[in-house]
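Okay, structure first, notes after.
The values are calculated or read from the model by the stated rules, or taken from the named source; none is laboratory data. From a predicted model like this one, the values you see are computed outputs, not experimental measurements. Quick reminder, even Gly has a Cβ in these numbers, built from the backbone with ideal geometry, and neighbours come from all protein chains shown. Note: accessible area is taken over every heavy atom of the protein model, side chains too, but ligands, DNA and RNA are not part of it. Shrake-Rupley method; radii C 1.70, N 1.55, O 1.52, S 1.80 Å.
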Amino acid sequence: LQIAVAAVQLQRPVGDVEAGVGREALGHGAAHRRVGCVLVDRLRAFRQRGVHVLGSFVFGLPSDREDTFAATVDLAHRAGLTFAQFVLLTPFPGTLDFEKWAASPEQQGVEIDGVPVTQHWLIPNDRRPKLFSPHPTMPVEEIRARAQWAWDRFYSWSAVWERSNAVS
């Protein structure tokens with residue numbers, strides 16, 4: 001990420017800049033907290049250089065716990081993100097997660113409206129499953145509700161108002 005910040009510094013006068021930063025769910029313990037603090041500092045560096053950042057957070061990873069959702073929103077606020085999206089883990093065709101899921105015995109023979117669930121892109125949107133992989137500690141509906149809570153919290157009127165001084 002240090003290189004990305006330097007690149008932003010160099011490219012900023014040229015125009016739009018896009019950078020991707022990946023990070024698994026906010027973990028537990030001192031090591032994860034230190035990494036989270038470094039990430040916040042690095043993301044703030046983008047904002048200090050006039051670059052608006054969209055954070056994309058995926059919920060539903062096996063390492064997610066009940067407190068992951070609030071910790072993620074807190075990180076997004078502390079980092080000064082302009083925008084954020086909070087989505088559920090969805091294995092896409094061609095990924096290892098999808099292949100593992102599609103090969104699992106639980107998915108064999110499962111159909112919705114006559115379409116195999118392993119070809120979910122052919123299922124009408126209103127009937128399509130939204131989360132495919134079972135989570136070790138939370139039911140799907142809880143993950144979905146907590147992800148919606150994260151969205152609602154980040155985009156609450158008070159939070160938007162607080163961030164509005166960052167938008168020029």
Somewhere in the range 136-143, is a residue under 30 Å from Arg42 (Cβ atoms), among the aliphatic types (A, V, I, L, M) and open to solvent by less than 40 Å² (accessible area, probe 1.4 Å)? yes
Residues located in the range 73-112, provided they are open to solvent by less than 50 Å² (accessible area, probe 1.4 Å), modelled with pLDDT of 85 or more and part of a helix (DSSP H, G or I): Val73, Leu75, Ala76
Return a yes/no flag: does the range 153-161 have any residue that is surrounded by 12 or more Cβ atoms within 10 Å (Cβ to Cβ), of a type outside the set (S, T, N, Q) and either modelled with pLDDT under 90 or farther than 21 Å from Val40 by Cβ (or both). no
